[in-house]
Amino acid sequence: MKNLFAVFILFHFLGYTQDFSNEDYIYLKRHEHIKIGLTEHNFDITKHISEQAEYLNAKKLYFANESMGFDSFTTIEDINAYTYLPESNKSIKVDYIETKRDFDNGVFYSDQESKIFTFPAVTKGAITNLTYKEVIKDPHFLGLFRFSTFVPTKNAQLSIEFPNNVSIGYIDFHTEELKVDFKKETLTDITTYTWTANNTKGYQPEDDSESGLFYVPHIIVYIKGYEYNGEQFSILNDVKDLYKWYASLVDKIDLKELEKVYKITDDVTKSLTTKREKAEAIFNWVQDNINYVAFEDGLGGFIPRGAASVCTKRYGDCKDMANLLYEMLNHAGIEAYRTWIGTRDRPYTYSQVPTPMVDNHMITTAIIDGQTIFLDATDSYVPFGMPSAFIQTKEALLGIDKDTYKLITVPVQKPEQSVTDVSTIINIEDDMVKVSEKRFLTGYEKIDFITDYLYKKDTKTEEEFLNTTLTLGNNKTNYHNINKVNFDNKGKALELSYDLSIDNYTKKVANKLFINLNIDKVLSKSKIDIGQKRYDKKIDHTYSKNYITTLNIPEGFSATYIPETISYKNPNYGYEITYSQKDNVIIQKKTIYVNTLSVKKQDFESWNEFIKSLIKAYKKSIILEQTHD
């Protein structure tokens, strides 16, 4: 699905500063004026942008680099940019502007381009000035305006001017702490809305938080409809209008040569009997045979390519893969629907924001034996029956037919669907700890490991990758006999096995030997800095981690101390660690669970209590004492 506005990138700049005098760079003003004209049924929409910024010192001159994005739905015109130097009362004009395509790397193709330049002669006290015009070619895409951005703004203003026979909708987000002045002016034929905010704070990035759209004060404006010759015409008055437009795009899908798709479907499902078996086989075939390549090219970013073409070329983007699944599933007699959806980076619902900004992704929804199954083949390793992690909690728009749609919320997947089971055997040989370990990963736990392996391993050896990914034991841990099973088998747990040799892990005092069975201290570095973190902590998915660790007591030793059971229980996160001894073996059982996708700010103390308790539990060691002859 098309991401129209490169400006979204700026929404990842979170956090804020309060004193402008301590800033390196501020906006003196950021103004946008949208002018809408209408002749019969044809819109003429122009956005006039004016920005002025001041360099309070010369520490961050990279702000002099400017970029203005556009695509098939917009053009950038009449750029006027210059630097004003107050000390010398000189203005130096930008004399070179480059046009550059943003993405085209074989995995992501986009029609998004940028006008790029650098303000000249920028130094302390310099004031940069930029004005330009953005022509909007489609009335569905007015965009949004940020009252705040990554640096403070003294004066932020959005205005929209439109004929009185045009109806404008708008909704603001996260403006509770701002004083936004709204003014409405109505003349004989023209109405103007203006929103103004002064002295807005700057936002900076923050790890493990939701996207900036959840925090940055902004407003979305859109054209609801217009009146012509006494008749009302809708554009985006509500979800019904948005779906009507989406359905009109679906009507443009190329339906030629679908018999090729149907033959593949028949071959894939010929030995299967139940609808669920057939649906799983079709989903797996699309995952395994169609390479995901993102496209954003005009309406091509919204209209799925023909299923036959996608099958022939063996690649497609999210909507192409969704449409292919739709055709294959329905041919196999399985109820399935094309489905529009926003990822978790979009905080909107369809009723709130009935515009294309509400979603940025497309999947297929199948109904089998009364169960709703969300299918996203762009995630090559998500198992059948689970949605991709990044659409959990999101509202899905199912296209039932040309005039009918349905809204369904994607549920949060349960911790027991994403499990890591770890079986560990520990032996002590002289001063070396020898470990044999197996891990079984399912659901999102498996997907996370595979994703890291494919995209982060790079030139690392298997041992180097596991050392940095699992961080077991200490900095003297060495891996041997590494083996992976079911790496590409989505229907079974990934089995990861290896042996470890850990030097200098035990501690010996006189005739006592101390050993800690928690060689995996997962979450031990997850304490939240409450003084610094301003926004909720984001968690990608719920999960459960279960450990059974067996220590074979070395000959000539006996256990003189075994820790008591310790636990922390909260509905959203917790753990329990128990110890037991049978003959010459000590068994530790450890379970850790996270049952939420977000730790709210008011729950930071509770989360830190959980982590503090877990770290305390991790420090518990077993004491073995050497027996006398």
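Some points to look at:
- In segment 375-408, residue farthest from Thr596 (Cα to Cα) [restricted to those that are open to solvent by less than 20 Å² (accessible area, probe 1.4 Å), in a strand (DSSP E or B) and touching a helix residue (DSSP H, G or I) at 6+ places or on another chain (Cβ under 7 Å)]: Gly399
- Scan of segment 581-611 for residues that are without any contact (Cβ under 8 Å) to a residue 12 or more places away in the chain and part of a strand (DSSP E or B), ordered by number: Lys582
- In segment 478-506, the residues that are in contact (Cβ under 8 Å) with a residue 40 or more places away in the chain and of a type outside the set (A, V, I, L, M): Lys490, Gly491, Glu495, Ser497, Tyr498, Asp499, Ser501, Asp503, Asn504, Tyr505, Thr506
- Among the numbered conditions (1) surrounded by fewer than 17 Cβ atoms within 10 Å (Cβ to Cβ); (2) not in a helix (DSSP H, G or I), the only one that Ser248 does not meet is (2).
- Here segment 469-517 is the region considered, the condition is being in a strand (DSSP E or B) and of a type in the set (Val, Ile, Thr), and the residue that is nearest to Thr565 (Cα to Cα) is Ile515.
- Qualifying residues in segment 120-148 (those that are hydroxyl-bearing (Ser, Thr, Tyr) and open to solvent by 10 Å² or more (accessible area, probe 1.4 Å)) - the one modelled with the lowest pLDDT: Thr123
- The set of residues from segment 612-623 being touching a Lys or Arg at 6+ places or on another chain (Cβ under 7 Å) and outside any helix (DSSP H, G or I) comprises just one member, Ile623.
- Checked against the criterion of being without any contact (Cβ under 8 Å) to a residue 60 or more places away in the chain, within 20 Å of Pro387 (Cβ to Cβ) and surrounded by fewer than 20 Cβ atoms within 10 Å (Cβ to Cβ), the candidates Gly316, Gly370 yield just one match: Gly370.
- Residue within segment 612-629 that is closer than 25 Å to Asp536 by Cα, of a type in the set (A, V, I, L, M) and under 26 Å from the mean Cα position of the chain (by Cα) present: no
- Of the residues making up segment 279-295, just one is open to solvent by 80 Å² or more (accessible area, probe 1.4 Å) and either of a type in the set (D, E, K, R) or part of a loop (DSSP other than H, G, I, E, B) (or both), namely Asp288.
- One residue stands out among those in segment 543-586 that are among the basic types (Lys, Arg) and closer than 30 Å to Val599 by Cβ: the one that is surrounded by the fewest Cβ atoms within 10 Å (Cβ to Cβ), which is Lys569.
- Extreme residue, modelled with the lowest pLDDT, among residues of segment 61-98 that are of a type in the set (Val, Ile, Thr) and more than 14 Å from Ile127 (Cα to Cα): Thr74
- Filtered residue count, segment 196-242, keeping only those that are open to solvent by 10 Å² or more (accessible area, probe 1.4 Å), of a type outside the set (S, T, N, Q) and not in a helix (DSSP H, G or I): 18
- For segment 218-247, the set of residues classified as small (Gly, Ala, Ser) and in contact with a Leu (Cβ under 9 Å, 6 or more places away or on another chain) consists of Gly225 only.
- Test: residue in segment 428-448 that is out of contact with any Cys (no Cβ under 8 Å at 6 or more places or on another chain), assigned to a loop (DSSP other than H, G, I, E, B), open to solvent by 60 Å² or more (accessible area, probe 1.4 Å) and within 25 Å of Trp285 (Cα to Cα): no
- Selected residue [in contact with a Lys or Arg (Cβ under 7 Å, 6 or more places away or on another chain) and among the aliphatic types (A, V, I, L, M)] from Ile502, Ile482, Ile530, Ile519: Ile502
- Taken together, the residues in segment 251-278 that are more than 27 Å from Lys402 (Cβ to Cβ) and open to solvent by 60 Å² or more (accessible area, probe 1.4 Å) amount to 9.
- Residue satisfying all of: in segment 44-63; of a type in the set (A, V, I, L, M, F, W, C) and surrounded by fewer than 20 Cβ atoms within 10 Å (Cβ to Cβ); nearest to Leu144 (Cα to Cα) among these: Ile49
The values are calculated or read from the model by the stated rules, or taken from the named source; none is laboratory data. Every value quoted in this text rests on a predicted model; they were computed, and no experiment measured them. When we count neighbours, we look across all protein chains shown, and the Cβ atoms used for this are built from the backbone with ideal geometry, even at glycine. Remember, those area values only see protein heavy atoms, side chains included, never the ligands or the DNA or RNA. Shrake-Rupley method; radii C 1.70, N 1.55, O 1.52, S 1.80 Å.
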